Amino acid sequence: EGKNNSHNYKISHDDNDIDFSSRTILKDEWMNVEDTISRGCWMRRRVDAMALIVVDALRFDFALDHLPLSVGAKIHQEKERSKNSHSSSTSSIRGQSQLFKFVADPPTVTMQRLKGLTTGGLPTFADISGSFGGAYVDEDSWLEQLVKVPQYKRNFGSASNGSGTYYGNDYKSQTGNTKSSTHDANLRRSAKVAFVGDDTWIDLFPTLFDDSHPYPSFNTRDLDTVDNGCFQHLPRLFRSFGSPSPKKDKYNNNNQMDTSDFFELIVMHFLGVDHVGHTYGPHNEHMDAKLHQIDTGLSNILSKIDQATDSCQVCFVFGDHGMTEDGNHGGGTLDETNAALFAHYSPGCGDLGPSLDITGSESGFMSMKAFQSINQIDLVPTISLLLGLPIPFANLGGLVPALLPPMHQIQSANSEQHP
């Protein structure tokens, strides 16, 4: 090994071994083997950018009945769309929306739920003490993978449209020219990630965010500080959200798509609904005012997603848990575990098919029985595949196919990139 640019190497695949020890591997052959290994074994990414909007304690009935400007408006559009599913023009003018019951595993406490939503594991009641102190996540998570895996390994930019191949630290174009990785640093870097909201995220992931604005979360009598902070940073963050359009002139001097000024992921965690519940309960004028404030902000975010006609962007709005009729949570009752997950896709993602599963005539369109249920940990492998990442090692969740946009839309968008 190491002599005359040759290597001895053995690859195991299923039950068959490919043993190269019996002969010398030429340098070009080794580069092809090395390239296959370095690209990883996960799937091609499905979306260009993702926004995760956590509305703490967003019970399913809150999302279904009390967010008319955002969730309600999009679900109404889906109702009209389903009536005209034969018309291609209906689905081409906006992204598609889906609403699910989002079932949490107890304990229904924010820190444990966020661990489950990022690692795919099931924290136990014994872990609840971590809610009152530092609880850094040292397990494998999709968030850590997003920050550590370079963009070219996730088929981002020029590496996704077939214009070249990476070999170790070098980039080799179709013309045969090899460039140093310093010439395409944007693709060598990992994703740029922003956060604003409940400081629990920073307790769990203190070093992973490029742009971070945490606000204190333990004073349940404070109904507005965290949410006002989210609204303060919302316009700036979403001005830089997503990758540049392939049809726009966003290329650097090396003919590479410039992604350095764009957030691939934005995490925003609103806390006011939870604090209103703890202080006043779920049914009062304070909750109505807070849900209206959240509804207005979500409407602005969804409008931003709708502007992405040349790229696939997705926004997930969900509750980490629900709340009881006296405004508390932590246990395993239906009110505590039945949160909501609302998914909205940009027009660039294409048509995802039917968004509702109405199984009986007794179920009206807006009945709670008309909506599918998914487990919260099922979002973990789904996010991993959407972003082109390895699924976290300890994940126990299963993929949600209904949340995956069609591959041909991404391939079509890539083919339109700058030559």
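At a glance:
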{"quantity": "Spacing of the two label points (7 Å from each Cα toward its C-beta) at Leu334 and Gln307, in nm", "calculated": "4.2 nm"}
{"quantity": "Label-point gap, in nm, between Asp288 and Glu80 - each point 7 angstrom along Cα→Cβ", "calculated": "2.7 nm"}
{"quantity": "Ordering of 227-233, 47-53, 271-277, 197-203 by packing [mean C-beta count within 10 Å, highest first]", "calculated": "271-277, 47-53, 197-203, 227-233"}
{"quantity": "Hz values of 3J(HN,Hα) by residue in the stretch 65-75 - Karplus curve (6.51, -1.76, 1.60), Gly and Pro given as x", "calculated": "10, 10, 10, x, 7, 10, 4, x, 5, 5, 5"}
{"quantity": "For Phe60, net neighbour charge (Lys/Arg +1, Asp/Glu -1) across residues whose Cβ lies under 11 Å away", "calculated": "-1"}
{"quantity": "Flagged links, alpha-carbon separation over 22 Å, of Lys79/Lys101; Lys74/Lys192; Lys115/Lys153; Lys115/Lys148; Lys101/Lys304", "calculated": "Lys74/Lys192; Lys115/Lys153; Lys101/Lys304"}
{"quantity": "Förster-model FRET efficiency, 45 Å R0, Arg236 and Ser373, C-beta, rounded to 0.05", "calculated": "0.80"}
{"quantity": "Modelled FRET efficiency - R0 30 Å, Asp224 with Arg44, Cβ distances, 0.05 increments", "calculated": "0.10"}
{"quantity": "In order through the stretch 278-291: 3J(HN,Hα) via Karplus (6.51 cos²θ - 1.76 cosθ + 1.60), integer Hz, x for Gly, Pro", "calculated": "5, 8, 10, x, x, 10, 6, 5, 5, 5, 4, 5, 5, 5"}
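A short reminder: the numbers here are calculations on the coordinates, not readings from a lab. Note that the structure is a prediction, hence the values are computed from the model and not measured. Backbone-built Cβ (ideal geometry, glycine too); neighbour counts: all protein chains shown.
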